[in-house]
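This report refers to the structure that appears directly beneath it.
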Amino acid sequence: MFNCEMIPAENVGVKHAKWDREDGYFVPRDCYNSYFYRVEDTTLNVIDKFRLHGKKYIERLTGGSALHMNLEEHLTKTQYRQLLRVAAREGCNYFTFNIPNTVCNECGCIDKRYLKQCPKCASRNVDYLTRIIGYMKRVSNFSAARQVEAKKRYYGKLEKEKEKEAVLC
Ligand SMILES: [Zn+2]
């Protein structure tokens, strides 16, 4: 068994990378994260990620290895159910779906989609809400290094069953 406590490392991931670099290790990025893959990797699909966080790997860990399934948009109930079946089949017992929400800095509108422009007032002064373990947080409140990493994250996409409106303002 490997003790692999993966801290929700908003700041610690940045510190560890800095400390490793100071100790002379090769550190190709300014912050670490708790995924089993590079966040910017566009070659892995949704199924690959469940597999990487599935039984074959996590059975050798003491815990704390959550899959953050980053998706570009919310799925239909049928699609979520299918992914729950995938998780069960792969033995991935600790995961979350993460779809960035758009928040308008001008009018406060929150939209469940990942947009460049506010759907209510058309402002381009928008920020994004993304899920940390247990709560949502503005990406602009991330540390500088983590914001760079967040911009690189690849959000997977499934085939759409239908267009959905999901505005909360
Ligand atoms: Zn707005």
Tell me, what is a quarter of the convex hull surface for the C-alpha atoms of the chain, in nm² with one decimal? 10.9 nm²
Say we join alpha carbon atoms closer than 10 Å with springs in a Gaussian network model of the chain; which of ASN45, ASN33, ASN98 then has the biggest fluctuation? ASN45
With only helices counted (DSSP H, runs n ≥ 4, each -39500 (n - 2.57)), the per-residue ellipticity at 222 nm for the chain, to the nearest 500, works out to -7500 deg cm²/dmol
Between ASP48 and PHE26, what is the label-to-label distance in nm when each label sits 7 Å out along the Cα-to-Cβ direction? 2.1 nm
With 28 Å as the limit, write out which pairs from LYS15/LYS137; LYS18/LYS157; LYS137/LYS157; LYS120/LYS157; LYS56/LYS151 have Cα-Cα distances beyond it, or answer none. LYS18/LYS157; LYS56/LYS151
Apply the Karplus parameterisation 6.51 cos²θ - 1.76 cosθ + 1.60, with θ equal to phi minus 60°, to every residue of segment 21-36 and state each ³J(HN,Hα) to the nearest whole Hz, in sequence, with x for glycine and proline. 4, 5, 7, x, 6, 6, 10, x, 9, 8, 8, 9, 9, 9, 8, 8
If packing is taken as the average count of other Cβ atoms within 10 Å, what order do 101-108, 140-147 fall into, highest mean first? 101-108, 140-147
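Each value in this text was obtained by applying a stated rule to the coordinates, not by laboratory testing. These numbers come from a predicted model, not from an experiment. Heads up, the Cβs are rebuilt from the backbone with ideal geometry, glycines too, and the neighbour counts pull from every protein chain shown.
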